[in-house]
C-alpha cells in the first residue's frame, strides 16, 4: 500500500477532500461513540451505525443498480461472507473495545490493521513487502507498544463532565422529591 509516488502534487482535489472528510468523520465517530456506548449496548450502536451507513450509500448505489447487476447466488454469498468477516466482526470488537479504551488509544491501536493486511498479503498472496512497508509496520508496532506502557490518565472529557453533572442533578432532584 505504498503507491508509486509520494508527492502531494499528484493528489486529486476530490481525493484530498474525501480523505479529509473521512478523517473528520472517523474522529467524530470515535469520540461520540465512546459517549453513546455508556448509554447503549454495543449491538444497538452497531445496528444504528449500519442503518445510517446503508441509507447514506443508497444515494451512491441505489437498489435498482444491484438488481440490474444480476449477481449470482454464489456472488451474494461472497458479499455476505465479506460483510460479516470484514465489517460486522471487526466493528463489533472495535465498539466493544471503545467501552474500555479512550478514543485516542483505540485509534492508535487500530492502526495495527494495515500491518495485519500487508503481512496477510505477504503470506497468503505472495506479495513482496517494500522497505517502506516494513519500516511503517515497525513504527506502528513500536507506537502501540509505547502506548501500552503509559498509564491512562483519568481526565474526563467535557461530554463526560456533562453526563456526570446531569446524573448528579437527576439524583439530587429525586432525593428532594422523596423529602
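Structure data summary
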| quantity | calculated |
| --- | --- |
| Single match in 106, 117 (criterion: modelled with pLDDT of 80 or more, within 12 Å of the chain's Cα centre (by Cα) and in a helix (DSSP H, G or I)) | 106 |
| For residue 111: the one exception among (1) modelled with pLDDT of 90 or more; (2) surrounded by 10 or more Cβ atoms within 10 Å (Cβ to Cβ); (3) within 23 Å of residue 23 (Cα to Cα) | (1) |
| Near pairs, Cβ below 8 angstrom, 6+ apart or cross-chain, from the stretch 70-82 (on the phi < 0 side of the Ramachandran plot and surrounded by 11 or more Cβ atoms within 10 Å (Cβ to Cβ)) to any residue that is modelled with pLDDT under 95 and assigned to a helix (DSSP H, G or I) | 71/79 |
| Test result for residue 53, exposed (fewer than 13 other Cβ atoms within 10 Å of the Cβ), modelled with pLDDT of 90 or more and farther than 15 Å from residue 91 by Cβ | no |
| Qualifying residue in the stretch 25-48 (condition: more than 26 Å from residue 109 (Cβ to Cβ), surrounded by 10 or more Cβ atoms within 10 Å (Cβ to Cβ) and over 14 Å from the mean Cα position of the chain (by Cα)) | no |
| Of residues in the stretch 139-150 being part of a helix (DSSP H, G or I) and free of Cβ contacts under 8 Å to residues at least 24 places away in the same chain, the one surrounded by the most Cβ atoms within 10 Å (Cβ to Cβ) | 139 |
| Subset of the stretch 120-138 (residues that are assigned to a helix (DSSP H, G or I) and either touching a residue at least 40 places away in the same chain (Cβ under 8 Å) or within 25 Å of residue 28 (Cα to Cα) (or both)) | 132, 133 |
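The values are calculated or read from the model by the stated rules, or taken from the named source; none is laboratory data. Predicted, not measured: the structure shown is a model, and the values here were computed from it. Heads up, the Cβs are rebuilt from the backbone with ideal geometry, glycines too, and the neighbour counts pull from every protein chain shown.
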